[in-house]
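Comments concern the structure below.
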Amino acid sequence: MQWRHWGCVAMLCLGLGMASTSASAAGPALAPDMVQALESLQQRMQDNASESAIDDAKAAAERLQGGNRADRWARALFLQLAATGEAHRGREAAAADLFYQARRIDGVGSDSRRRWLNQEARLRLRAGLTAQGAELLGEWIERHGGDRDSLWLMVQAQATLEQWSQAAQWVDRARRAGGMEADRRRLAASVYQHAERYDAALALLNDQLQSNSDDPQAWRRAAALAQRMQQPGLAAALWEAGWRRGALAGEDDLERLIRLHLAGGTPARAAEHLETAFEKGTLPRDREHRRLLAEAWTSARAHHKALSAWRALAEETQAAEDWRQLGELAYGWGEWSTAIEALHQAREQGADPARTWLLEGVSQLASSDEEAAREAFEAARDAGASQAESWLASLGEGDVGKAPDVDALPDEATPQVLSDTQ
């Protein structure tokens, strides 16, 4: 994660730190010439934080090392000025090291130590030293109590470290502090999701959807979270709502909507969206989408629409698999004439002759054409279908009820064979 969002907070704290270098700052009284040197250097820092000003602050701090109480206090203030200059020059790690030195000087007051600990923590975070920064910031919050900005900064730090459980606990604490803008709401939802606190994450996203229903990313995140929660129906419903509101739009979002409906147990809605898209020209009526339409109507068990869709696809592709799928669906649903035609076409295109002849024989028998059934069973027998002989025997005995069951159909989307055809 980037720390740009927290830059203004850090620099505000640094600005407050500079102001505290006045002679009235908490600490022992300083000699007039020392006060004048500090104020002069502070003015130089405020003007441009030049390298020479930073070097002069460091040199002054070095000269005061090991002095009396007033000297130690002045040394701390010079280190603070040097740290502020380093921060303004974009050298956050160096600035943090200087604040560390300043707050550890013997005799520095508690208020200054608290302020410099806070500044060091934020600078280490901005420098990418996240683990160190988070530890220091946590120490500061526990000792002195944190405001909302500090609490959310801890959330972001723990998230950057992928310490999701701890991050979620900091989110809980930050939310109790009150107030949560859109960016922080998104961060909180992401943290809850990674911490597998899915209900809390979805509740936050739902709140965001209510307040900003035009944000497409909010709808996408909510749907993705529902999928992570293994609630595909909810994911489809959320995407559908976003689509209806106009927040989600375009071919990619429509494709996702269709597939979510298929996964979410509402295949009829997927098929309806596909047909509407074909009519409007939103999606191409190509083989991929035609097959998707056929599969959707099949999953919805809309017999007429499914068979019609598979027929349209098979007539276009002339593929053995598409004709076979049409034939087996029609067989399973008792549409005997369609089954006979499609199984014949499938066989012509290279489908398994043993199985197609066997199913065609059953379909012919169900259509009361015993002679055609016999011919089909004989062809199935010649092609190697093990059950063909039993069917032929049942025809010879005039007792079709003794015929064997046909093997279970291989496609899970295909209905089971009707019992009255066996």
* In a Gaussian network model over the chain where Cα atoms closer than 10 Å are linked, find which of Asp199, Asp97, Asp106 has the largest mean-square fluctuation. => Asp106
* Asked: To the nearest 10 square angstrom, what accessible area does Ser337 show with a 1.4 Å probe?
  -> 90 Å²
* Divide, for segment 43-186, the radius of gyration over alpha carbons by 2.2 N^0.38 Å, where N is the residue count. => 1.17
* Placing +1 at every Lys and Arg Cβ and -1 at every Asp and Glu Cβ, with all other atoms neutral, what dipole size does the chain have around its Cα centre, in debye to the nearest 20? -> 3480 debye
* Cβ-derived FRET efficiency at R0 35 Å, His304 paired with Ser165, nearest 0.05 -> 0.05
* For segment 221-293, give the magnitude of the charge dipole about the Cα centre (Cβ charges: +1 Lys/Arg, -1 Asp/Glu; no others), in debye to the nearest 20. => 180 debye
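Suppose every Lys and Arg Cβ carries +1 and every Asp and Glu Cβ carries -1, with no other charges. What dipole size does segment 74-200 come out with about its Cα centre, to the nearest 20 debye?
With Lys and Arg at +1 and Asp and Glu at -1, about 280 debye.
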* Would you mind getting me the FRET efficiency between Ser390 and Glu315? Use the beta-carbon distance for r and R0 = 45 Å, nearest 0.05. => 0.85
* Which whole-number percent gives the relative contact order of the chain, counting Cα pairs below 8 Å spaced six or more residues apart? -> 6 percent
* Asked: So what does Thr282 come to for accessible area, using a 1.4 Å probe and Å² rounded to 10?
  -> 60 Å²
* Structure fact -> Around Arg381 (Cβ within 12 Å, Cβ-to-Cβ, excluding Arg381; K/R +1, D/E -1) the net charge comes to -3
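Leaving ligands and nucleic acids out of the surface, order Ser190, Ser110 by accessible area at 1.4 Å, largest first.
Of Ser190, Ser110, the descending order of accessible area is Ser110, Ser190.
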* Can you tell me what the convex hull of the Cα atoms of segment 183-293 projects to on average, as an area in nm²? => 6.7 nm²
* **Correct option for Kirkwood radius over Cα pairs in Å [calculated from the coordinates] among (i) 27.8; (ii) 21.7; (iii) 24.6** => (i)
* Asked: With a ≥ b ≥ c the root eigenvalues of the C-alpha gyration tensor of segment 154-235, is it rounded (a/c under 1.5), prolate (a/b larger than b/c) or oblate?
  -> oblate
* Lys/Arg Cβ at +1, Asp/Glu Cβ at -1, dipole of segment 163-302 taken about the Cα centre: which of Gln169, Tyr192, Phe278 is farthest positive-ward? -> Gln169
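Using the Cβ atoms and a cut-off under 10 Å, what net charge is assigned to the surroundings of Arg124, where Lys and Arg are +1 and Asp and Glu are -1?
That works out to -2.
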* To do: Determine the gain in length on full extension of the stretch Asp33-Ser211; use 0.36 nm per residue of separation and subtract their C-alpha separation, reporting nm with one decimal.
  => 58.2 nm
* Take the Cβ-Cβ distance between Ala224 and Glu348 as r, set R0 to 35 Å, and report the resulting FRET efficiency rounded to the nearest 0.05. => 0.15
* Asked: If you rank Lys58, Lys280 by how much accessible surface each has, with a 1.4 Å probe, what is the order from largest down?
  -> Lys280, Lys58
* Structure fact -> Residue-normalised 222 nm signal for the chain, counting each DSSP H run of n ≥ 4 as -39,500 (n - 2.57), nearest 500 deg cm²/dmol, is -23000 deg cm²/dmol
* Over all directions, what mean area does the Cα convex hull of segment 110-209 project, stated in square nanometres? -> 6.0 nm²
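The values are calculated or read from the model by the stated rules, or taken from the named source; none is laboratory data. Please read these numbers as outputs of a predicted model, since none were measured by experiment. Cβ: placed from backbone, ideal geometry, glycine included. Neighbour counts: every protein chain shown. Remember, those area values only see protein heavy atoms, side chains included, never the ligands or the DNA or RNA. Shrake-Rupley method; radii C 1.70, N 1.55, O 1.52, S 1.80 Å.
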